1. Quote the charge dipole size of the chain about the Cα centre in Debye, to the nearest 20; the model charges only the Cβ of Lys and Arg (+1) and of Asp and Glu (-1).
2. Report the extension gain between Ser133 and Ile147 in nm, rounded to one decimal, defined as 0.36 nm multiplied by the number of residues separating them, less their alpha carbon distance.
3. Expressed as an acute angle from 0 to 90° and rounded to the nearest 10, what is the orientation of the C-alpha long axis of helix 117-144 relative to the principal long axis of the chain?
4. Measure nothing but the geometry: give the 0 to 90° angle between the long axis through the Cα atoms of 44-55 and the longest principal axis through the Cα atoms of the chain, rounded to 10°.
5. Which whole-number percentage describes the relative contact order of the chain, with Cα contacts under 8 Å and a sequence gap of 6 or more?
6. Residues of the chain: accessible area per residue at 1.4 Å, in Å²?
7. Expected output is a single nm value to one decimal: the length gained when fully extending between Leu156 and Phe168, i.e. 0.36 nm times separation in residues minus the C-alpha distance. What is it?
8. Relative to the longest principal axis of the C-alpha atoms of the chain, give the angle of the C-alpha long axis of helix 93-113, reported between 0 and 90° and rounded to the nearest 10°.
Amino acid sequence: MSDKIRSDSSKNRIKSSVLISLFTAIIAVCSFVSVPSAVPFTLQTLGIFTSLTVLGGKRGTICIALYIFIGLVGIPVFSGFGAGLGHITGATGGFILGFIICGFCYWIITKIFGNKTITKAIGLLTGLLICYSFGTLWYTVFSFGTINPNVLLTTLKVCVLPFIIPDFLKLGIALIIDKKLSQTIR
């Protein structure tokens with residue numbers, strides 16, 4: 001391997017590591033902006049969406065996994081400065097774990113269909129719907145110990161419906177940020 005290729009490869013790894021670290025920190029900072037409710041309203045999904053759109057599916061998903069790992073080991077990066085296994089296994093833990101599913105979903109969709117803005121939007125939207133579904137089922141079982149139409153409807157009213165419009169806005173903002181940043185970062 002020539003020195004030029006080795007040098008370029010090393011620079012790319014360093015650049016990727018720095019960007020992954022930076023966007024993991026951005027997700028954490030976005031998680032701190034919070035309005036309390038049963039499931040806190042935060043800018044967390046804006047950080048998730050922006051990491052995926054700007055860095056791409058692979059590096060964005062690594063950011064999400066790193067963010068969850070950092071919180072899992074006790075660094076307070078979740079909403080309300082939460083951290084630890086108890087936060088992941090609590091009522092809202094399904095939504096946090098759903099972020100990683102969202103990342104994989106986005107990664108697969110953009111890998112198959114390309115990186116056009118519409119594809120990115122579909123990837124984020126599909127990932128968000130899967131995250132909502134996983135988080136809703138988790139919250140329902142954790143909070144009510146059962147899944148039936150009445151408790152599922154209650155959970156949807158508390159955990160999903162209030163967040164649909166804000167999350168769609170954050171999705172749009174992430175796509176705008178991607179348009180501005182992606183050419184300079186990649």
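The values are calculated or read from the model by the stated rules, or taken from the named source; none is laboratory data. Model, not experiment: these values are computed from the prediction. Positions of Cβ are backbone-derived with ideal geometry, glycine not excepted, and every protein chain shown enters the neighbour counts. SASA here: full protein model, heavy atoms, side chains in, ligands and nucleic acids out. Shrake-Rupley method; radii C 1.70, N 1.55, O 1.52, S 1.80 Å.
1. 700 debye
2. Extending this stretch completely gives an extra 3.8 nm.
3. Orientation of helix 117-144: about 40 degrees from the principal axis.
4. The angle comes out near 30 degrees.
5. In percent, rounded to a whole number, it is 22.
6. 52 Å²
7. Net length gain for the segment: 2.7 nm.
8. That helix lies at roughly 40 degrees to the long axis.
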